[in-house]
Amino acid sequence: GNSVTQMEGPVTLSEEAFLTINCTYTATGYPSLFWYVQYPGEGLQLLLKATKADDKGSNKGFEATYRKETTSFHLEKGSVQVSDSAVYFCALSILTGGGNKLTFGTGTQLKVEL
Amino acid sequence: EPEVTQTPSHQVTQMGQEVILRCVPISNHLYFYWYRQILGQKVEFLVSFYNNEISEKSEIFDDQFSVERPDGSNFTLKIRSTKLEDSAMYFCASQQGANQPQHFGDGTRLSIL
């Protein structure tokens, strides 16, 4: 079956530090890969996506590259801000006739301190 | 920007009672989903709905669960006889096309007493 593994949290960083959150996946077929972010008390928001190997998704200073050879989709940001504090979910989907359900990782909580 | 809206934001129900969670997807979207997130755990897929029928469901989605799109705008999840373990945050999502991103609502927190 399909699964997503991401690094355990919480991750605590100082403002302006470099962020990496690791994500690896197993999938049958050719998945699309996503990072979703969940701010406290809110729903899931799509942060970025990549639909094929070597694609790089980027948004709000965050980046992730779809690496088929290592089955990874690590999230990076060069300089985090306090406002980036949230839970980050890596997810995959595979297109079927009736849509494409998302399979999520366990989520990684990021805390950014001044 | 159009949003997926879910009501209520918090539902408290006695065990064994029926509960209906409501979602209004984005108007031109065609694919609809329910997910749930038990406190501290991962977000889990429950069911997908397309062309007025269930297209896929997970093992969690047993006979106690049902979904409906009664009027072309609302998308509801019904739990017929709630159990303590149904306590979770339930998220609705909609999608314009099969290759488009899913847009999530803010969720309904369901607490079973």
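The table that follows gives values for the structure above.
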quantity	calculated
A:F104 within 14 Å of chain B (Cβ to nearest Cβ) and of a type in the set (F, W, Y)	yes
Flag for A:E69 being open to solvent by 60 Å² or more (accessible area, probe 1.4 Å), farther than 28 Å from B:E59 by Cβ and either touching a Phe, Trp or Tyr at 6+ places or on another chain (Cβ under 8 Å) or acidic (D, E) (or both)	yes
Number of positions in region A:27-46 that are at negative phi and open to solvent by 10 Å² or more (accessible area, probe 1.4 Å)	11
All positions within region A:81-114 that are aliphatic (A, V, I, L, M) and either open to solvent by 30 Å² or more (accessible area, probe 1.4 Å) or farther than 16 Å from A:Q38 by Cβ (or both)	A:V82, A:V87, A:L92, A:I94, A:L95, A:L114
Selection count where residues are part of a strand (DSSP E or B), among the polar types (S, T, N, Q) and closer than 30 Å to A:M7 by Cβ, scope region B:42-59	1
Members of region A:59-85 found to be touching a residue at least 24 places away in the same chain (Cβ under 8 Å) and either within 14 Å of chain B (Cβ to nearest Cβ) or part of a loop (DSSP other than H, G, I, E, B) (or both), listed by number	A:Y66, A:T70, A:T71, A:F73, A:H74, A:G78, A:S79, A:V80, A:Q81, A:S85
Search result, residues across region B:6-17 that are assigned to a strand (DSSP E or B) and either open to solvent by 40 Å² or more (accessible area, probe 1.4 Å) or at the interface with chain A (Cβ under 9 Å from one of its Cβ atoms) (or both)	B:Q6, B:T7, B:H10, B:Q11, B:V12
Number of the condition not met by A:I21 [criteria: (1) within 14 Å of chain B (Cβ to nearest Cβ); (2) open to solvent by less than 70 Å² (accessible area, probe 1.4 Å)]	(1)
Out of A:A50, A:A91, sole residue that is under 11 Å from the mean Cα position of the chain (by Cα), within 30 Å of B:I54 (Cα to Cα) and within 11 Å of another protein chain (Cβ to nearest Cβ)	A:A91
Members of region B:60-104 found to be closer than 12 Å to B:R36 by Cβ, more than 12 Å from the chain's Cα centre (by Cα) and either within 14 Å of chain A (Cβ to nearest Cβ) or in a strand (DSSP E or B) (or both), listed by number	B:I60
Scope region A:86-114; condition of a type in the set (S, T, N, Q) and assigned to a strand (DSSP E or B); matching residues	A:S93, A:T96, A:T103, A:T108, A:Q109
Answer residue from region B:39-50, given it is surrounded by fewer than 16 Cβ atoms within 10 Å (Cβ to Cβ) and more than 8 Å from chain A (Cβ to nearest Cβ) and is farthest from A:V87 (Cα to Cα) among those	B:L39
Residue list for region B:18-38, filter: within 12 Å of another protein chain (Cβ to nearest Cβ) and either farther than 15 Å from A:L102 by Cβ or part of a loop (DSSP other than H, G, I, E, B) (or both)	B:C23, B:H29, B:L30, B:I38
Options B:E56, B:E3: the member that is touching a residue at least 24 places away in the same chain (Cβ under 8 Å), open to solvent by 40 Å² or more (accessible area, probe 1.4 Å) and within 11 Å of chain A (Cβ to nearest Cβ)	B:E3
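The values are calculated or read from the model by the stated rules, or taken from the named source; none is laboratory data. Being a predicted model, the structure only gives us computed values, none of them experimental. Glycine also receives a Cβ, built like all others from the backbone with ideal geometry; neighbour counts cover every protein chain displayed. Please note that ligands, DNA and RNA were not included when accessible areas were found on the heavy atoms of the full protein model with its side chains. Shrake-Rupley method; radii C 1.70, N 1.55, O 1.52, S 1.80 Å.
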